[in-house]
Amino acid sequence: MPRFAAISRVLAAAGVLTLTASLDGQQTPQPAPDPASLEVQKVKDNVFVVKGGGGNTTVFITSTGVVVTDVKNPGWGQALLAKIKTFTDKPVTTVINTHSHGDHVGGNVDMPASVEIVSHLNARQQIAGLPAFKASNGRGVPARTFTDRLTLGSGADRVELYYFGPGQTSGDAWVVFPAGGTLAVGDVFGLKNPTRIDTENGGSASRVAQTIEKAVAGIQGVDTVVTGHGDVVPWSDLQQFARFNRLFLNDVRAALGQGRTPDEISTTWKVPGEYVGYTAAPARVKENAEKIAQETR
């Protein structure tokens, strides 16, 4: 069998592929990789989203091949490739990682050697340290990186990659498909709740709101947003998410300034009524409040 397939099977046998970190940071068991369990949603004529098996995957079909953003949990790469073949016969040529978490980059190791893998420079360094990539001797670690902005392709095939600063991690890439008017945002906007901050990988609870605001101001020509784990939403939802994160940050800072503890904030802070569909679990509020306090000392 191909070496990359063998790597995945070895990892699965070792138990590496049966657990993944959920959005609350807990390790949860995952089903065995199966293309049938993946759901395809057509977003635009040449843009699709594949759900299941980890974070959302955005598929952009170009004139010469397929650009795939985020490739799910370790072991799911082959299932993802098989699912993509159900709606296009073009080969996958490029993989983009929005950030370094395993449920978005694990499938890198299953990509054919001809596929170019791209990420932010900081994300590459973080990915290289993940157990699955150490086990694969570095196979699947992004070979091409950027720091502020990168353009792939041209004309209707163009893909724009942006970096606006630390968010969930220090390597969050914002991926725009201009011809499809679509943005793939990763887990900086994973769901409609306060963004989970990975400080070990450079994320910042006190700067994430500013980063999202910069993205809203700096990205043009987009009407559709693919979130990291939730629904495909209109651009106005990202604008609202920026306001939500700014409100949360300001409220937590004000409460801390009044001498309240993160524990106290977690039991009293509630999502304002205007943010329909948003949640804020006390554990997440406490975690982010603790990080905001640490970063502002």
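Say we look at the range 122-172 and pick out the residues that are acidic (Asp, Glu) and open to solvent by 30 Å² or more (accessible area, probe 1.4 Å); which of these is farthest from Thr94 (Cα to Cα)? By that ranking, first place goes to Asp148.
Selection of first residues in the range 40-56 that are more than 20 Å from Lys90 (Cα to Cα) and of second residues that are open to solvent by 10 Å² or more (accessible area, probe 1.4 Å) and part of a loop (DSSP other than H, G, I, E, B), restricted to Cβ pairs under 6 Å at least 6 apart or on distinct chains, gives the following pairs, ordered by first then second residue: Gly55/His229.
A single entry from Lys72, Lys51 fulfils the requirement of being at pLDDT 95 or above, among the charged types (D, E, K, R) and open to solvent by 10 Å² or more (accessible area, probe 1.4 Å): Lys51. Tallying residues that are free of Cβ contacts under 8 Å to residues at least 40 places away in the same chain and polar (S, T, N, Q) within the range 57-71 yields 1. For the range 27-42, indicate whether the set of residues that are at pLDDT below 95, in contact with a helix residue (DSSP H, G or I) (Cβ under 7 Å, 6 or more places away or on another chain), open to solvent by 50 Å² or more (accessible area, probe 1.4 Å) and not charged (D, E, K, R) is non-empty. Scanning the range 27-42, I find at least one residue that is at pLDDT below 95, in contact with a helix residue (DSSP H, G or I) (Cβ under 7 Å, 6 or more places away or on another chain), open to solvent by 50 Å² or more (accessible area, probe 1.4 Å) and not charged (D, E, K, R), so the answer is yes. Among the candidates Phe60, Phe87, which residue alone is crowded, with 24+ Cβ neighbours inside 10 Å, modelled with pLDDT of 95 or more and either of a type outside the set (A, V, I, L, M) or not in a loop (DSSP other than H, G, I, E, B) (or both)? Matching residue, one of Phe60, Phe87: Phe60.
No other residue among Val71, Val95, Val50 is assigned to a strand (DSSP E or B) and within 23 Å of Lys134 (Cβ to Cβ) apart from Val95.
Residue-by-condition table, conditions (1) farther than 23 Å from Tyr163 by Cα; (2) of a type in the set (S, T, N, Q):
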| residue | (1), (2) |
| --- | --- |
| Val222 | no, no |
| Gly257 | yes, no |
| Thr261 | yes, yes |
| Pro282 | yes, no |
| Lys291 | no, no |
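Please specify each residue of the range 178-199 satisfying the condition of being of a type in the set (A, V, I, L, M, F, W, C) and either outside any loop (DSSP other than H, G, I, E, B) or open to solvent by less than 10 Å² (accessible area, probe 1.4 Å) (or both).
The initial filter retains those residues of the range 178-199 that are of a type in the set (A, V, I, L, M, F, W, C), namely 179, 183-185, 188-189, 191, 197.
Listed by number, the residues that qualify are Ala179, Leu183, Ala184, Val185, Val188, Phe189, Ile197.
Considering the range 101-130 alone, what residues qualify as being acidic (Asp, Glu) and part of a helix (DSSP H, G or I)? Of everything in the range 101-130, those that are acidic (Asp, Glu) and part of a helix (DSSP H, G or I) turn out to be Asp103, Asp110. Residues in the range 233-254 that are buried (at least 19 other Cβ atoms within 10 Å of the Cβ) and farther than 14 Å from Tyr278 by Cβ: 2 in all.
Residues in the range 274-289 that are open to solvent by less than 70 Å² (accessible area, probe 1.4 Å) and not aromatic (Phe, Trp, Tyr): Gly277, Ala280, Ala281, Arg284, Val285, Lys286, Glu287, Asn288, Ala289.
Within the range 247-268, residues that are closer than 16 Å to Ala205 by Cβ reach partners that are assigned to a loop (DSSP other than H, G, I, E, B) with beta carbons closer than 6 Å, at six or more positions or on different chains, in the pairs Phe248/Pro194.
The values are calculated or read from the model by the stated rules, or taken from the named source; none is laboratory data. Keep in mind that what you see is a predicted model, and the values were worked out from it rather than measured. As a convention, Cβ positions derive from the backbone with ideal geometry for all residues, glycine included, and neighbour counts pool all protein chains shown. Only protein heavy atoms, including side chains, enter the accessible area calculation; ligands, DNA and RNA are left aside. Shrake-Rupley method; radii C 1.70, N 1.55, O 1.52, S 1.80 Å.
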